[in-house]
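Q: Below is the structure I would like to discuss, written out as structure tokens.
The values are calculated or read from the model by the stated rules, or taken from the named source; none is laboratory data. Note that the coordinates shown come from a computational prediction; the quantities given were computed from them, not determined experimentally. Cβ placement follows ideal geometry from the backbone for every residue including glycine, while neighbour counts extend to all protein chains displayed.
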Amino acid sequence: MIIQEFDLFDGINDEIVEDLVTTMETVSYDTNAVVFMEGDPADSFYILVSGFASLHMGGGDKTASLTLKPGEAFGWSSLVERDVYASTVSCTEPCRLYKINKNNLDRVLRQYPATGMLFYKRLAGLIGGRVISCHRELLKLRASLNSS
């Protein structure tokens with residue numbers, strides 16, 4: 001497992017990486033499998049290693065979705081004191097993921113505060129990037145509604 005390839009863990013020293021790897025498990029899902037559903041208990045954080053997945057929020061004709069590519073992380077609700085996931089993630093093709101239990105990750109990051117700070121700073125960047133993407137999509141939607 002080479003987690004240092006992923007942005008969230010880039011530059012973390014080998015000793016801490018070893019501790020982090022003990023918190024992870026590799027899981028595989030088939031096409032159309034659901035990793036978690038909106039409202040499920042938020043207990044793990046995921047990194048997509050291979051394949052593609054889709055993140056969905058909302059329901060019916062008011063569903064918003066985002067395509068997840070290898071290297072992207074999701075399930076961050078589990079790391080920011082949310083009890084349940086705010087979205088549903090399903091695999092659009094066979095996927096391999098790193099699954100990290102939130103309590104185990106928290107334990108390791110508390111042992112290495114500087115690394116924990118770096119990790120959460122990068123996580124904030126990931127969340128911020130998603131928020132910016134959502135705003136852009138909303139602006140496109142607004143523009144298309146105004147031009148109709």
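Q: Can you list residue pairs whose Cβ atoms sit under 7 Å apart, with the first residue in the stretch 110-130 being farther than 11 Å from TRP76 by Cβ and β-branched (Val, Ile, Thr) and the second being at pLDDT 85 or above and surrounded by 11 or more Cβ atoms within 10 Å (Cβ to Cβ)? Count only pairs 6 or more apart in sequence or on different chains.
A: THR115/LEU109
Q: Would you check if LEU138 is of a type in the set (A, V, I, L, M, F, W, C), over 14 Å from GLY75 (Cβ atoms) and under 18 Å from the mean Cα position of the chain (by Cα)?
A: Answer is no for this residue.
Q: Testing SER90 on (1) surrounded by fewer than 16 Cβ atoms within 10 Å (Cβ to Cβ); (2) part of a strand (DSSP E or B); (3) of a type in the set (Ser, Thr, Tyr), one condition comes back false. Which one is that?
A: Of everything listed in (1) surrounded by fewer than 16 Cβ atoms within 10 Å (Cβ to Cβ); (2) part of a strand (DSSP E or B); (3) of a type in the set (Ser, Thr, Tyr), SER90 misses just condition (1).
Q: Being aromatic (Phe, Trp, Tyr) and within 16 Å of LEU66 (Cα to Cα) is the filter here; which residues of the stretch 37-52 pass it?
A: So the first thing to find is which residues in the stretch 37-52 are aromatic (Phe, Trp, Tyr), and the list is 45-46, 52.
Once the filter is applied, which keeps residues that are aromatic (Phe, Trp, Tyr) and within 16 Å of LEU66 (Cα to Cα), the stretch 37-52 yields TYR46, PHE52.
Q: A further question on this structure: Quick one: count up the residues across the stretch 2-48 that are outside any strand (DSSP E or B) and on the phi < 0 side of the Ramachandran plot.
A: If we filter the stretch 2-48 for residues that are outside any strand (DSSP E or B), which is where we start, we get 2-23, 30-33, 37-40, 42-43.
Filter once more, keeping what is on the phi < 0 side of the Ramachandran plot: 2-10, 12-23, 30-31, 33, 37-38, 40, 42-43.
Of the residues in that region, 29 qualify.
Q: Anything in the stretch 42-81 that is within 16 Å of VAL27 (Cβ to Cβ) and β-branched (Val, Ile, Thr)? List them, or say none.
A: Those that are within 16 Å of VAL27 (Cβ to Cβ) and β-branched (Val, Ile, Thr): ILE47, VAL49.
Q: Take GLY51 and tell me if it is at positive phi and modelled with pLDDT of 95 or more. Step through it out loud before you land on a result.
A: Values: at positive phi: yes; modelled with pLDDT of 95 or more: yes.
Yes: the conditions hold for GLY51.
Q: Quick one: is ALA42 surrounded by fewer than 13 Cβ atoms within 10 Å (Cβ to Cβ), under 29 Å from VAL17 (Cα atoms) and either without any contact (Cβ under 8 Å) to a residue 60 or more places away in the chain or in contact with a helix residue (DSSP H, G or I) (Cβ under 8 Å, 6 or more places away or on another chain) (or both)?
A: Values: surrounded by fewer than 13 Cβ atoms within 10 Å (Cβ to Cβ): no; under 29 Å from VAL17 (Cα atoms): yes; either without any contact (Cβ under 8 Å) to a residue 60 or more places away in the chain or in contact with a helix residue (DSSP H, G or I) (Cβ under 8 Å, 6 or more places away or on another chain) (or both): yes.
Answer is no for this residue.
Q: In the stretch 82-139, which residues are of a type in the set (D, E, K, R) and closer than 17 Å to THR26 by Cα?
A: At the first step, the residues of the stretch 82-139 found to be of a type in the set (D, E, K, R) are 82-83, 93, 96, 99, 102, 106-107, 110, 121-122, 130, 136-137.
Once the filter is applied, which keeps residues that are of a type in the set (D, E, K, R) and closer than 17 Å to THR26 by Cα, the stretch 82-139 yields GLU93, ARG96, LYS99, LYS102.
Q: For TYR85, all conditions in the list (1) farther than 15 Å from ILE127 by Cα; (2) in contact with an Asp or Glu (Cβ under 8 Å, 6 or more places away or on another chain) hold save one; what is the number of the exception?
A: (1)
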